[in-house]
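Please read the structure below before turning to the comments.
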Amino acid sequence: MEERYQANRQIEPVTPGRTPGPIKETRPVFKNHTRQKKLDRLMIYLMLVLLSILFILPFLWMISTSIKTESQAISYPPTLWPAPFDFANYREVFELVPFLQFYWNTIVVTGLTVIGTVASSAIVAYAFARIKGKGRNFWFILLLCTMMLPPQVTMIPVYLIFTELGWVNTFLPLVVPAFLGNAFFIFLLRQFFRAIPKELEESAIIDGCSLFGIFWRIVVPLSKPALITVAILSFMGSWNDFLTPLIYLNDIDKYTLALGLQMFNGQQTMQWGPMMAASTMVIFPLVVLFFIAQKHFIQGIALSGIKG
Amino acid sequence: MRQPSLARLRRSKTLAFYLFISPWLIGFLALAAGPMIYSFYMSFTEWQVMGSAEWIGLENYERLFFHDPLFWKTMWNTFFYTFLGVPLGLAFGYLLAVLLNQKVKFMGVFRTIFYLPSIVPAVASSLLWVLIFQPEFGLANALLDFIGLPTSRWLLSESMVKPALIIMSLWGVGGGMIIYLAGLQGVPPSLYEAAEIDGAGKWRKFWHITIPMTSHVIFFNLIMGVIGSFQMFTQAYVMSGGGPNYASLFYVLYLYQNAFEFFNMGYASALAWILFVIVLIFTLLQFKFFGKKVYYEYDD
């Protein structure tokens, strides 16, 4: 590498003494600059690769432990490459806990949550963005205020309400609130809807389109990126939620994955292999989703973060 | 077409507005405003779920501040975690974002790698780090051993449990990193070009352009980081259960235990309100100290 830098240096035309002051001085600076740039780039790669290894190591560790035998899993010094590969842990996950049931529960809860969140947040956001009703500003300020309220403040009374309704140990406390909109997503979508040209709406009104018609036929199709963002974020939030299922679900066969994972923890002896096999299986759908929706994902999160 | 009167149009618009926001309105009244008022009332009662709530005035608050050493312990733990963890996370996330903002190859791969930990469910990553922090055969000690540093008992050590949780939180810094990245990409290149013409070096450009121009995202991450840090729960619940000797008993974990393990609903409500006040004070303080220094690209 060093040789190539040297070569480049010699190829560069050097014109000493022929041009007046300032240019004479910038020439060598410029030459150093390109060399410096290459060194910088090398440093950047080095840091990126080193940090990547650090970031990915825990994942490799998880997968590796999930295909180790129990004695391999707790051997010291640890080995990253299991020999032989042992997939018994994966079978054991299903024998120890009703893992398929957890999967199904999580899919039901997450599916309903995503549908509820997107539908309700979008329609409320549309009203805040476009319908000039009396008192709109007042309610909008209240909406912004609720974003700052720590959920712990309302957690206990809400728990009591759901207990009173007989909803404890059902999916209702996990799903129903999603259908009542989410302040953050409403805010995010409102910002997006406001950017849609008003002319489109006006011409639709002249054509006799109802407000809901405008929302459904014009605003929704034009807002796909924002709606996908909200869907992904609420999917992640619901798939990963731990506290709500912990509070509301009692029967093991109603557990979600996040709660079910915890079952491998805190027993007399830790079963590292099955625990890591289960973790791998919980993370897997998220990773797949991430790869499919990566572009929307990063853009969407950036979008939501910036404007927040 | 017959023109409806202006007043009628306005009234029908208002009606439509309330119809459209009715899901949120119901949710706000039933799940936010109502419970908020109720929890405020509950914080002045003694209530063990069974039986009825008994009005005890300020006793819960008195007990918190003067008779409950665990309250101060959780306060200390939470502040420690916040004041060490949040700045470290901000700096580390920013560093990663700056690295990812360079024009080099395979950037998509690097971005994915750094971002991935932050989409992992907190329970899964907690269990994974319990394994990593195992004193006998964990990866953390193996690495320390390898480079010749003293090993630690991590989650089982009173002095190391909080640093261990902070190390783990740095692994999940990708969420903030993505927001920085978006901010960095919003800095107009013309500014750098102008600075270069004026002879500014790398560091000068970084300090005088990059940081000021991204101050709004730094500020956003600071606020969100502090709020999130004060509400830390799952990791401590799963990894250490608040131990050893209450060294990782964080505020919300203590609140949860009071509400759903000891069923002291009144006391837990008082804790919730103190949390609310703390978060509010910190948010306002941050706005006061940093808010004015923040540059906003688009002012509404």
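The values are calculated or read from the model by the stated rules, or taken from the named source; none is laboratory data. In this text the structure is predicted, and so the values were computed from the model without any measurement. So basically every Cβ, Gly included, is an ideal-geometry build from the backbone, and we count neighbours across all protein chains shown.
Structure above, values below:
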| read-out | value |
| --- | --- |
| Matching residues, the range B:217-233, being within 19 Å of B:G183 (Cβ to Cβ), among the small types (G, A, S) and away from chain A (no Cβ under 11 Å) | B:G225 |
| Flag if A:P98 is in contact with a helix residue (DSSP H, G or I) (Cβ under 8 Å, 6 or more places away or on another chain), more than 28 Å from B:I113 (Cβ to Cβ) and either more than 14 Å from chain B (Cβ to nearest Cβ) or crowded, with 18+ Cβ neighbours inside 10 Å (or both) | yes |
| Residues located in the range B:253-282, provided they are of a type in the set (S, T, Y) and in contact with a helix residue (DSSP H, G or I) (Cβ under 6 Å, 6 or more places away or on another chain) | B:Y254, B:Y267, B:S269 |
| Top-ranked residue of the range A:163-176 - restricted to ones that are in contact with a helix residue (DSSP H, G or I) (Cβ under 6 Å, 6 or more places away or on another chain) and not β-branched (V, I, T), ranked as farthest from A:F215 (Cα to Cα) | A:W167 |
| Only one of B:G242, B:G266 that is surrounded by 20 or more Cβ atoms within 10 Å (Cβ to Cβ), within 12 Å of chain A (Cβ to nearest Cβ) and either part of a helix (DSSP H, G or I) or at pLDDT below 90 (or both) | B:G266 |
| Odd one out for A:V168 among (1) assigned to a helix (DSSP H, G or I); (2) modelled with pLDDT of 85 or more; (3) surrounded by fewer than 17 Cβ atoms within 10 Å (Cβ to Cβ) | (1) |
| From the options B:F66, B:F17, B:F44, residue that is farther than 29 Å from B:L222 by Cα and more than 14 Å from chain A (Cβ to nearest Cβ) | B:F66 |
| Residue in the range B:107-144 that is surrounded by the fewest Cβ atoms within 10 Å (Cβ to Cβ), counting only those that are assigned to a loop (DSSP other than H, G, I, E, B), at the interface with chain A (Cβ under 7 Å from one of its Cβ atoms) and of a type outside the set (D, E) | B:F137 |
| Candidates B:G243, B:G225, B:G291, B:G266 - the one that is in contact (Cβ under 8 Å) with a residue 24 or more places away in the chain and under 21 Å from A:D241 (Cβ atoms) | B:G225 |
| Residue check for B:E59: farther than 30 Å from B:F220 by Cβ, touching a strand residue (DSSP E or B) at 6+ places or on another chain (Cβ under 6 Å), modelled with pLDDT under 90 and buried (at least 16 other Cβ atoms within 10 Å of the Cβ) | no |
| Residue match in the range B:146-154 (condition: more than 25 Å from B:F289 (Cβ to Cβ), surrounded by 21 or more Cβ atoms within 10 Å (Cβ to Cβ) and out of contact with any Lys or Arg (no Cβ under 9 Å at 6 or more places or on another chain)) | yes |
| Test: B:R11 is surrounded by fewer than 14 Cβ atoms within 10 Å (Cβ to Cβ), modelled with pLDDT under 90 and of a type in the set (D, E, K, R) | no |
| Selection from the range A:30-63 of residues that are under 25 Å from B:A140 (Cα atoms), among the hydroxyl-bearing types (S, T, Y) and either more than 10 Å from chain B (Cβ to nearest Cβ) or under 21 Å from the mean Cα position of the chain (by Cα) (or both) | A:S52 |
| Which numbered condition B:I167 misses (of (1) assigned to a helix (DSSP H, G or I); (2) more than 7 Å from chain A (Cβ to nearest Cβ); (3) farther than 14 Å from A:L54 by Cβ) | (3) |
| Some residue of the range A:206-224 being touching a residue at least 24 places away in the same chain (Cβ under 8 Å) and within 24 Å of A:N105 (Cα to Cα) | no |
| Test for B:P163: is it more than 15 Å from A:W61 (Cβ to Cβ) and either of a type in the set (S, T, Y) or within 27 Å of the chain's Cα centre (by Cα) (or both) | yes |
| Sole exception among (1) within 10 Å of chain B (Cβ to nearest Cβ); (2) in a helix (DSSP H, G or I); (3) surrounded by fewer than 17 Cβ atoms within 10 Å (Cβ to Cβ) for A:I232, by number | (3) |
| Residue match in the range B:203-211 (condition: of a type outside the set (D, E, K, R) and within 12 Å of chain A (Cβ to nearest Cβ)) | no |
| When residues of the range B:145-160 are limited to those that are among the hydrophobic types (A, V, I, L, M, F, W, C) and not in a helix (DSSP H, G or I), the one farthest from A:L57 (Cα to Cα) | B:M160 |
| Total residues in the range A:64-91, condition within 12 Å of chain B (Cβ to nearest Cβ), within 12 Å of A:W272 (Cβ to Cβ) and assigned to a loop (DSSP other than H, G, I, E, B) | 4 |
| Pairs where the first residue, in the range B:95-112, is free of Cβ contacts under 8 Å to residues at least 40 places away in the same chain and the second is of a type outside the set (K, R) and surrounded by fewer than 15 Cβ atoms within 10 Å (Cβ to Cβ), C-beta under 8 Å, 6+ apart | B:L99/A:M47; B:G108/A:Q294; B:T112/A:F291; B:T112/A:Q294 |
| Test: A:L160 is more than 24 Å from B:S39 (Cβ to Cβ), in the same structural domain as A:T110 (by the TED database) and in a helix (DSSP H, G or I) | no |
| Residues located in the range A:179-222, provided they are among the polar types (S, T, N, Q) and within 12 Å of chain B (Cβ to nearest Cβ) | A:N182, A:Q191, A:S210 |
| Enumeration of residues in the range A:116-135 that are part of a loop (DSSP other than H, G, I, E, B) and of a type outside the set (A, V, I, L, M) | A:K132, A:G133, A:K134, A:G135 |
| Options A:E12, A:E70: the member that is modelled with pLDDT under 50, over 22 Å from B:Q102 (Cβ atoms) and acidic (D, E) | A:E12 |
| Checklist (1) surrounded by fewer than 19 Cβ atoms within 10 Å (Cβ to Cβ); (2) in a helix (DSSP H, G or I); (3) in contact (Cβ under 8 Å) with a residue 60 or more places away in the chain applied to B:Y180, failing item | (1) |
| Restricting the range A:240-263 to residues that are part of a helix (DSSP H, G or I) and within 7 Å of chain B (Cβ to nearest Cβ), the residue that is farthest from B:M239 (Cα to Cα) | A:I247 |
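Yes/no per residue for (1) under 27 Å from A:N265 (Cβ atoms); (2) polar (S, T, N, Q); (3) at pLDDT below 90:
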site: B:T78; (1), (2), (3): yes, yes, no
site: B:K103; (1), (2), (3): no, no, yes
site: B:P117; (1), (2), (3): yes, no, no
site: B:L127; (1), (2), (3): yes, no, no
site: B:E136; (1), (2), (3): yes, no, yes
site: B:N141; (1), (2), (3): yes, yes, yes
site: B:L144; (1), (2), (3): yes, no, yes
site: B:I167; (1), (2), (3): yes, no, no
site: B:G175; (1), (2), (3): yes, no, yes
